[in-house]
Structures are given as C-alpha cells and as structure tokens.
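Structure provided below as structure tokens; questions to follow.
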Amino acid sequence: MLKRSILAATLAVGLLATPSFAATGIHGRGANAQAAMIAETAGSSKQRVQVLNQLCENPNTQHRCVSLKPSVQRALDDAISAPITWVGHQQPHAGQFWVLGTVRFNGSTATTIVSWRDPGPYGCFGWTSLGWERRHGGWTTSSGIATEGCPAGA
C-alpha cells in the first residue's frame, strides 16, 4: 500500500510539472512560435524602438521583404519587450530601427536574424542571428552570433 501511494504521488508531481515545462518552451511553427523566436533574437530593450512593418529574408539589406500578416504583428507585439512603433521606413528621430528576418525552417533546425541601426548620421548598427534545434517537441537555441559596428569618429 505504501509503495502504491508513493508511486501515485510521484506520478501526480510529474504530471503537474509537465504542463508548466511545456508552456515555457517554443512549440510549433505558427505565428506565436515565430514571434517568440524573433523576439529572443532581438533581445530586450526598455527604450522605444521603431520596427519595419515587414519581414525580410535578409534584414541587413532589406531584400525580399513581405508585409506582416496581422496575426504575426500581434504575436510580435506580445513577444517583444520593447515599446514598438511600426514603420514603413526608418524615421530619423524615432529611436533604434529594427528590421526583423523571416524564420527559416529546415527540418529540425531553424534560423532567425534581426538587424538594427541607431538613428543619426553617426549611429551604430549591427545584427544578431540565432540557430534553433527541435528537441523534445520544442525549439531551443543551439548557436548564435552578433556583430556591431560604428562609423569612424562616432
């Protein structure tokens, strides 16, 4: 009887812990999953940022960009911690400018990239890219690289 009670208690604790673990990971390939991946790539900021209202295959050069679907934009609003102003092009005095890349899925891996520029003639710029792997039903970061540069004299 004691063994049965311990087994039942162990199963109950395991079952209670499983949903909370599953809720914290990134699952699937839908708008919320993509937004969570992009938000993690972008990092966190407390300052207001302006974000291009398109997703670009290459954010550094703003090539092959497509308009954001409303569901993806809502998911990004929820996932990104910075206050966002959505813009069609960079505004001179509206804060750091972010260009978000599309999530590129390739089987059990994915990549994300986000580029940014500070406003003004001597503003710094950079980008961050994360690699993702599908593990135990969820996406986890597996690699990352970031660059930053500033014009001479800045």
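Any read-out appearing in this document is the output of simple, stated calculations on the displayed coordinates, not a laboratory observation. A quick note: this is a predicted structure, and the numbers were derived from the prediction, not measured. Reconstructed Cβ throughout: ideal geometry from the backbone, glycine too, with neighbour counts over all protein chains shown.
If you filter the range 48-154 for chymotrypsin sites (Phe, Trp or Tyr not before Pro), then keep DSSP loop positions with at most 13 other Cβ within 10 Å, what is left?
Answer in residue order: Tyr122.
What trypsin sites (Lys or Arg not before Pro) in the range 39-125 are in a loop by DSSP, with at most 11 other Cβ atoms within 10 Å of the Cβ?
Taking the range 39-125 and a limit of 11 other Cβ atoms within 10 Å, the loop trypsin sites (Lys or Arg not before Pro) found are Lys46.
Where Lys and Arg each count +1 and Asp and Glu each count -1, what net charge lies around Gly144 among other residues with Cβ under 13 Å from its Cβ?
Net of charged neighbours comes to -2.
Once you put a point 7 Å from the Cα of Thr61 and another 7 Å from the Cα of Thr147, both along the Cβ direction, what distance in nm separates them?
For the pair Thr61/Thr147, the computed spacing is 1.2 nm.
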